[in-house]
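Colleague: Mind looking over this structure? Questions follow.
The values are calculated or read from the model by the stated rules, or taken from the named source; none is laboratory data. Computed from a predicted structure; not experimentally measured. All Cβ positions, glycine included, derive from the backbone under ideal geometry; neighbour counts span all protein chains shown. Side chains are part of the model used for accessible areas, which takes the heavy atoms of the whole protein and leaves out ligands, DNA and RNA. Shrake-Rupley method; radii C 1.70, N 1.55, O 1.52, S 1.80 Å.
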Amino acid sequence: ALAGRRAIWQAPMPLVVLTGGPCVGKSAVAAQLGGALEADGWRVVVVSDDSLRLPRHSLYASAGAEKQGRSAVIAAVERALSATTVVIVDAMNYIKGFRYQLWCTTKGGLGPSCVVHVAGAPPPAGA
């Protein structure tokens, strides 16, 4: 879907934040978007719970663990951001203040950022 768009989109968007509930396909969208951007010549870094080796089963079990997880995501994003890299954040990102903090990291002259909400059917009961 993104093929041939580089002529229109000359400057990279350094930060793409994916939002959505669990199991709606954020990781699939991150992989598809990242693959399309890489095929078009961009350097792409996907920051996710998996890439940071954060344990999903316990990460969202308590507010303290979740806060540490968000800190790890922000640190990874700050390390990866550059004028030549597109960073895709594939995590829960449901807290508005957290998305704002991510947005603030790009305002150092790196360019625009965007939030993409991924909606999907809820998982079947018992899944």
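Colleague: Which residue pairs have Cβ atoms under 8 Å apart, sit 6 or more places apart or on different chains, and have a first residue in segment 70-89 that is farther than 15 Å from Val46 by Cβ and a second that is assigned to a strand (DSSP E or B)?
Modeller: Thr84/Arg43
Colleague: Could you please find all residues in segment 61-102 being open to solvent by 50 Å² or more (accessible area, probe 1.4 Å) and assigned to a helix (DSSP H, G or I)?
Modeller: Once the filter is applied, which keeps residues that are open to solvent by 50 Å² or more (accessible area, probe 1.4 Å) and assigned to a helix (DSSP H, G or I), segment 61-102 yields Ala63, Lys67, Gln68, Arg70, Ser71, Glu78, Arg79, Lys96, Arg99, Tyr100, Gln101.
Colleague: List the number of the failed condition for Ser58; all other conditions in (1) surrounded by fewer than 14 Cβ atoms within 10 Å (Cβ to Cβ); (2) more than 12 Å from the chain's Cα centre (by Cα); (3) in contact (Cβ under 8 Å) with a residue 24 or more places away in the chain hold.
Modeller: (3)
Colleague: Can you find a residue that is at pLDDT 90 or above and in a helix (DSSP H, G or I) anywhere in segment 39-52?
Modeller: yes
Residues are listed down the side, and each one gets a yes or a no for (1) without any contact (Cβ under 8 Å) to a residue 24 or more places away in the chain; (2) closer than 17 Å to Leu81 by Cα:
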| residue | (1), (2) |
| --- | --- |
| Gly20 | no, no |
| Ala30 | no, yes |
| Leu37 | no, yes |
| Ser51 | no, yes |
| Ser62 | yes, no |
